[in-house]
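Asker: Let me give you the structure first, and then I'll get to my questions.
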Amino acid sequence: MGEVKKVSIIIPVYNTGNKLCRCLDSILAQSYQDYECIVVDDGSTDDSSTIIDEYAIRDTRFKVVHKENGGVSSARNYGLNIASGEWLVFIDSDDSLMPDHIASLMDAATDDVDLVMTGFRFMHPDKTTEHGYNIGKYIGIESIRKFISETEFLRFQVPWDRTYRNKENLFFDEKLSLGEDRLFCYQYLLNCKGIATIGKITYIHDGTDETTLSYRTYPSSMNKHRLSVFKDAISDLNNHLVIGRKNTSLLDSYLDSIYTDLINSYYKEGKCIDFYMARILHKFNLL
């Protein structure tokens, strides 16, 4: 496998006791052994805290943190602040890994790349889909731009199907309750010298819980902040990578979806505003 590269696995936990053992057992089953697993209990009210304490007793590589509830970004940031590994791996506490997940990522984690991506299986409420990449390496802006233009990479901006080189000033926006993972991925790309992809499906994402964050509604204040930071992030990404018309259209569509969420949140708060007026008002910082 070559040079050993210590990995910091970061798992935010909030009330996933019924699926948590599946996640933690899949980490214990990894063929790659040189890791620390930082499990951040974000104020769980079920048996999650007891479960992770038991794993920490069983295996000293598990480092457990109990904190007041502050959201998934707060939990991940706590893990980032204490992570000592050269590489970072994020796992959702209701997800699981194939036994070769970490080993496959580390095999491709060479000095000339900052990001290694694997394929994942997505368990929806009514079906299961898979998304993956061919084996490849893309070094430098031109090569990364080509990779982005020829794949659906920008459609899948999630933190958990990849490993990141541990750098300074990495953090998730704690003001966001939706899209914080996508924003983190966009911002990381701005300082990424190379990307490697693995031709395997090694991560299993459980999206069967319809009560998770993706299905909730949020206040207009959060959606307004979300719109502002994503406008800047998308502008920076376009300027840095010049990602082409197809991907620019994709990013613009995401911005439009945020405008729609903002309008819906205003309606729920008893305010009336339409889509086009929202765009105009936000352009002039009047929204």
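The values are calculated or read from the model by the stated rules, or taken from the named source; none is laboratory data. Because the structure is predicted, anything quoted here is derived from the model rather than measured. Please note: Cβ atoms are built from the backbone with ideal geometry, for glycine as well, and neighbour counts cover all protein chains shown. Note: accessible area is taken over every heavy atom of the protein model, side chains too, but ligands, DNA and RNA are not part of it. Shrake-Rupley method; radii C 1.70, N 1.55, O 1.52, S 1.80 Å.
Asker: Can you tell me the order of 192-200, 255-263, 58-66 when each peptide is scored by its average per-residue count of other Cβ atoms within 10 angstrom, highest first?
Answerer: 192-200, 255-263, 58-66
Asker: Can you pull out the GluC sites (Glu not before Pro) in region 28-131 that DSSP calls coil and that have at most 14 other Cβ atoms within 10 Å?
Answerer: Loop-located and lightly packed - GLU68.
Asker: Using unit Cβ charges (K, R positive; D, E negative) and no other charged atoms, how large, in debye to the nearest 20, is the dipole of the chain about its Cα centre?
Answerer: 960
Asker: Could you run the Karplus curve 6.51 cos²θ - 1.76 cosθ + 1.60 with θ = phi - 60° over region 223-229 and give me ³J(HN,Hα) per residue in whole Hz, x for Gly and Pro?
Answerer: Once rounded to whole Hz, the list reads 5, 5, 5, 4, 4, 5, 6.
Asker: Then there is this: How large is the Kirkwood hydrodynamic radius of region 1-144, in angstrom, based on all distinct alpha carbon pairs?
Answerer: The Cα-based Kirkwood calculation yields 16.2 Å.
Asker: Something else: Give me the percent of accessible area attributable to carbon and sulfur for the chain, probe 1.4 angstrom.
Answerer: On the way: 6780 of 13440 Å².
Exposed carbon and sulfur together represent 50 percent of the surface.
Asker: Roll a 1.4 Å probe over the protein chains and send me the accessible area per residue for region 1-124 in Å².
Answerer: 38
Asker: Considering only DSSP beta bridges with both partners in the chain, what is the antiparallel share in %, to the nearest 5? Walk me through the numbers before you get to the answer.
Answerer: On the way: 16 of 41 bridges.
Percentage antiparallel, nearest 5: 40.
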